[in-house]
Amino acid sequence: MIPTFNESADIKALIETILGLGIEGLEALVVDDHSPDGTGEIVAGLAAKDPRVILLDRAGAPAGRGLAGRDGYLRALERGADFVIEMDADFSHQPKYIPELLSAMKDCDIAIGSRLVPGGSDFDRSWARRCLTLAANSYARLLLGLPVRDTNSGYRCFSRRALEAVSPRTLTSAGPAILHETLYRARRAGLRFKEVPIEFIDRRRGSSKLDLRRLAAGYVTVLKIAIMGG
Ligand SMILES: Nc1nc2c(ncn2[C@@H]2O[C@H](COP(=O)(O)OP(=O)(O)O)[C@@H](O)[C@H]2O)c(=O)[nH]1
Ligand SMILES: [Mg+2]
């Protein structure tokens, strides 16, 4: 499940790399907020030729990483997925880790591609950007009591049962705080986490959608979840 907004530079190569892993039953579900750069058209073109590619075009719906994630989880469950892997479209989350995430599912309910366990790394981005990530991570870990080191990671695999336990329909985060909201609900449901080390690489093309407004909104959402109990 790949949420996208203006990822036309990478999406075709990413889907081809994922499907090229040769994992039986693997599909690529792209949840696009009707990107003006034509990301959706590229995916629709691939989908017309290959039934393993699915486009969920959120045209007309309010845009947001969280809202797109929620709809993507629901669509994946509707399609009968046994496992749902979510990842960014910009190659920061390298597809080569998909088999490792899947094999970690033998002894957990949610496997997290982690920069913050031994063997993981995040040295490719600017110092300032890494500091922002670390600050947001400590904040969410402390406030929500999450037993996970890399709570900001958007590269994760859920078992079907875990995703159902998170109850995607009632998730409230419009933006990237959905990452923390899902972990929080999972912790409360007693689900087991496992962090799989990944090397996170900076995007080479396109641009980040994380701006100050979204960052601040994320902090407020995490605070609300901590106070209201999700
Ligand atoms: N559908 C959708 N996807 C989004 C939105 N914002 C970000 N994304 C996607 O979420 C992933 C992570 O976003 P990115 O901009 O790379 O954030 P960063 O890695 O924190 O700089 C990428 O695949 C984006 O295209 C949004 O509003 N809607
Ligand atoms: Mg990115």
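Since every read-out is calculated from the coordinates, none of them should be taken as a lab result. All of these numbers come straight from a predicted model, not from anything done at the bench. Positions of Cβ are backbone-derived with ideal geometry, glycine not excepted, and every protein chain shown enters the neighbour counts.
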Express in nm, to one decimal, how much length is gained between residue 107 and residue 160 on full extension, taking 0.36 nm for each residue of separation and deducting their alpha carbon distance. 17.7 nm
Cα Rg, Dmax (largest Cα-Cα span) when computed across the range 63-150, Å: 14.7, 41
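Suppose only helical runs count, i.e. DSSP H with n ≥ 4. What mean residue ellipticity at 222 nm does that imply for the chain under -39500 (n - 2.57) per run, divided by all residues and rounded to the nearest 500 deg cm²/dmol? Mind dumping the intermediate values first?
Details: 8 runs with 94 residues, N = 230.
So the helix-based figure for the chain works out to -12500 deg cm²/dmol.
Take peptides 214-225, 15-26 and line them up by average Cβ neighbours within 10 Å, highest first, as a rough protection proxy.
Values: 214-225: 17.2, 15-26: 13.1.
Taking the mean over residues of other Cβ atoms within 10 Å, the ranking is 214-225, 15-26.
Let me spell out the model: positive unit charges on the Cβ of Lys and Arg, negative unit charges on the Cβ of Asp and Glu, origin at the Cα centre of the chain. What dipole size does that give, in debye rounded to 20? The partial results should precede the final answer.
Numbers: 32 positive and 29 negative charges, 165 e Å.
Dipole size: approximately 800 debye.
Show me the trypsin sites (Lys or Arg not before Pro) within the range 148-210 that DSSP assigns to loop and that have at most 14 other Cβ atoms within 10 Å of their Cβ.
When the trypsin sites (Lys or Arg not before Pro) of the range 148-210 are filtered for loop state and at most 14 Cβ neighbours within 10 Å, 192, 204, 205 remain.
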Convex hull volume per residue for the range 2-228, taking Cα atoms only, in Å³: 117 Å³
